[in-house]
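The values are calculated or read from the model by the stated rules, or taken from the named source; none is laboratory data. Computed from a prediction, not measured in an experiment: that's the story for all the values here. Ideal geometry is used to build each Cβ from the backbone, glycine not excepted, and the neighbour counts take in all protein chains shown. Remember, those area values only see protein heavy atoms, side chains included, never the ligands or the DNA or RNA. Shrake-Rupley method; radii C 1.70, N 1.55, O 1.52, S 1.80 Å.
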Amino acid sequence: MPTTLHGKDSLHYEEKGIGQSLIFIHGVGLDLSMWEEQVEDLSKHFRVITYDMVGHGGSEHPPGPYSLSQFVEQLAELMNHLRIERSHIIGFSMGGMVAQAFALKYPDKVKTLTIMNAVANRTEEQRKAVLKRVEEVKITGPLATIEPAIKRWFNPEFLNFQEETVSKIRKRLQTNDAPSYLAAYTLFATADEDLWPQIHQINIPTQIITGEHDVGSNPEMARQMHEKIVHSELMIVPNMRHMLPMEGSKIVNEAIRSFIERQKQRGDSM
């Protein structure tokens, strides 16, 4: 059932299932609904929790600028509210940045970390490209960036045959609060600079996943994170783009489940 935590800030979340907790963090401009396939499958084995980040969906929309620490403390507040001492954390795209920052500040709260389709150590050319999109949002609003994003995120076959799923994402992007989206997207465009010098300090079983054809969160970025994070595994999914949790949901669900099981067998952090 959807629930809103009314504290200092409102926080919209949902949970389903019992057992060890899995907390999913969505990407910029999206909301907890992107995890529908993960909730349906993984809640058979785990207590699955999804929520809307600061400035997204049904959660608080404070004025910008935003900082990573806001998102980290929001997650800590949610865990405290749900009386969860430690959890498996799965972050997608910008949510992957939040997951990394959370693991750095609260390592004792994280059982395993899954970083999915996340950016890291952007080159100067890559940073210019994302900052150009930030400027487009400032000048014309977020609507002009939606169709190019959808084409980057999904394979053409998925766009053609899964119109209903794609339409949900399009509608989510179309109905975002413009100032909140700009504040979040600006953070997304710059936060990897702050994270990159620190991620070698992550000392938690970590799985890094991206799609072979993900342009913005590409395999080279994933490999660099894998090299920096000592207890990490790397998975590059063939023929997939950015929206891996949706287009490649079966692959993602199995990867999360089997990764946690491997750590359990090793006796790591369980």
Might you check whether a residue that is open to solvent by 10 Å² or more (accessible area, probe 1.4 Å), among the basic types (K, R) and in contact with an Asp or Glu (Cβ under 8 Å, 6 or more places away or on another chain) occurs anywhere in the stretch 203-224?
-> no
Of all residues making up the stretch 219-237, the number that are hydroxyl-bearing (S, T, Y) and at pLDDT below 95 = 0
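Matching residues to (1) open to solvent by 20 Å² or more (accessible area, probe 1.4 Å); (2) in a strand (DSSP E or B):
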{"position": "E36", "(1), (2)": "yes, no"}
{"position": "K44", "(1), (2)": "yes, no"}
{"position": "G55", "(1), (2)": "no, no"}
{"position": "F71", "(1), (2)": "no, no"}
{"position": "A76", "(1), (2)": "no, no"}
{"position": "H88", "(1), (2)": "no, yes"}
{"position": "G91", "(1), (2)": "no, yes"}
Output the residue which, of all residues in the stretch 98-124 that are hydroxyl-bearing (S, T, Y) and open to solvent by 10 Å² or more (accessible area, probe 1.4 Å), is nearest to Q174 (Cα to Cα).
-> T123
May I ask you to verify whether G17 is on the phi > 0 side of the Ramachandran plot, touching a residue at least 24 places away in the same chain (Cβ under 8 Å) and surrounded by fewer than 23 Cβ atoms within 10 Å (Cβ to Cβ)?
-> yes
Of the listed residues (I260, I204), the one being farther than 30 Å from E163 by Cβ, touching a Leu at 6+ places or on another chain (Cβ under 9 Å), in a loop (DSSP other than H, G, I, E, B) and not charged (D, E, K, R) is I204
Whichever residue in the stretch 166-176 is open to solvent by 40 Å² or more (accessible area, probe 1.4 Å) and in contact (Cβ under 8 Å) with a residue 60 or more places away in the chain and, among such residues, is nearest to K132 (Cα to Cα) | R172
Sort through I236, I229, I251 and tell me the only one that's closer than 20 Å to P197 by Cβ and of a type in the set (V, I, T).
-> I229
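The rows are residues; the columns are (1) surrounded by 14 or more Cβ atoms within 10 Å (Cβ to Cβ); (2) within 23 Å of H12 (Cβ to Cβ); (3) in contact with a Gly (Cβ under 7 Å, 6 or more places away or on another chain); (4) among the aliphatic types (A, V, I, L, M).
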| position | (1), (2), (3), (4) |
| --- | --- |
| Q126 | yes, no, no, no |
| K151 | no, no, no, no |
| N160 | no, no, no, no |
| A178 | no, yes, yes, yes |
Members of the stretch 220-249 that are among the charged types (D, E, K, R) and under 17 Å from the mean Cα position of the chain (by Cα) | R241, E247
